[in-house]
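Report on one structure; see the data block that follows.
The values are calculated or read from the model by the stated rules, or taken from the named source; none is laboratory data. Quick caveat, the model's predicted, so the values are computed rather than measured. When we count neighbours, we look across all protein chains shown, and the Cβ atoms used for this are built from the backbone with ideal geometry, even at glycine. Surface accessibility is based on the protein's heavy atoms, side chains included, excluding ligands, DNA and RNA. Shrake-Rupley method; radii C 1.70, N 1.55, O 1.52, S 1.80 Å.
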Amino acid sequence: MKAPDCPCGRRGARGAPQALAACCGRFLDAFDACPAPDAEALMRSRYTAFVLERAGYLLATWHSGTRPAALDFESGVRWLGLEVRAHRTLDDTHAEVEFVARRRDAGGRAHRLHESSRFVREGGRWFYVDGDLR
Ligand SMILES: [Zn+2]
């Protein structure tokens, strides 16, 4: 049986979809041992965490200054895909990632989330800070 593709849609060397375990799964499953190496990888893994409803990972990768106390997932949401538009490294500890995420809510309405997200690196790890909707 083929391993499941990563929901973030990242493609490998030959254009084939990456397996979840080889892509975002290793970050989700080993947050302490295996931090995402850059802001884009962190952003992708956070999208995957939304798809898989992994609140613990989302909170752990949220910067302490902006992290919510808890996270609820809307029921019935289906995530349809992620497109990373830009990854800008501003300096060693600051980066921005612009992306479009598409989802369908429980009522069947489609939504498009277009955001520029800010990330900071602290203690060798990247964290999500906040974002501007576009
Ligand atoms: Zn992935």
Open to solvent by 50 Å² or more (accessible area, probe 1.4 Å) and part of a strand (DSSP E or B) - does that describe any residue in the range 57-77?
no
So for the range 44-52 (the condition being touching a Lys or Arg at 6+ places or on another chain (Cβ under 8 Å), touching a residue at least 40 places away in the same chain (Cβ under 8 Å), part of a helix (DSSP H, G or I) and among the charged types (D, E, K, R)), does at least one residue qualify?
yes
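Name the single residue, out of those in the range 93-108 being of a type in the set (Gly, Ala, Ser) and more than 13 Å from the chain's Cα centre (by Cα), that is surrounded by the most Cβ atoms within 10 Å (Cβ to Cβ). Walk me through how you get there before you give the answer.
Keep residues of the range 93-108 that are of a type in the set (Gly, Ala, Ser), which gives 95, 101, 106-108.
Imposing the further condition that a residue be more than 13 Å from the chain's Cα centre (by Cα) reduces the set to 95, 106-108.
Details: 95: 21, 106: 10, 107: 6, 108: 8.
Step by step, filter the range 93-108, then rank; the result is 95.
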Output the number of residues of the range 13-51 satisfying the condition of being of a type outside the set (Phe, Trp, Tyr), away from the ligand (no atom under 11 Å from the Cβ) and either at positive phi or surrounded by fewer than 21 Cβ atoms within 10 Å (Cβ to Cβ) (or both).
12
Residues being touching a residue at least 24 places away in the same chain (Cβ under 8 Å) and not in a strand (DSSP E or B): count how many of those fall in the range 110-129.
1
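Which residue, of 54, 14, is among the basic types (Lys, Arg) and modelled with pLDDT under 95?
14
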How many residues, within the range 78-109, are without any contact (Cβ under 8 Å) to a residue 40 or more places away in the chain and assigned to a strand (DSSP E or B)?
13
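Just to be sure before I move on: is residue 90 away from the ligand (no atom under 15 Å from the Cβ), farther than 14 Å from residue 6 by Cβ and exposed (fewer than 15 other Cβ atoms within 10 Å of the Cβ) in the structure I sent?
Numbers: away from the ligand (no atom under 15 Å from the Cβ): yes; farther than 14 Å from residue 6 by Cβ: yes; exposed (fewer than 15 other Cβ atoms within 10 Å of the Cβ): yes.
The answer is yes for residue 90.
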Could you count how many residues in the range 1-36 are in contact (Cβ under 8 Å) with a residue 40 or more places away in the chain and either of a type outside the set (A, V, I, L, M) or farther than 18 Å from residue 124 by Cα (or both)?
5
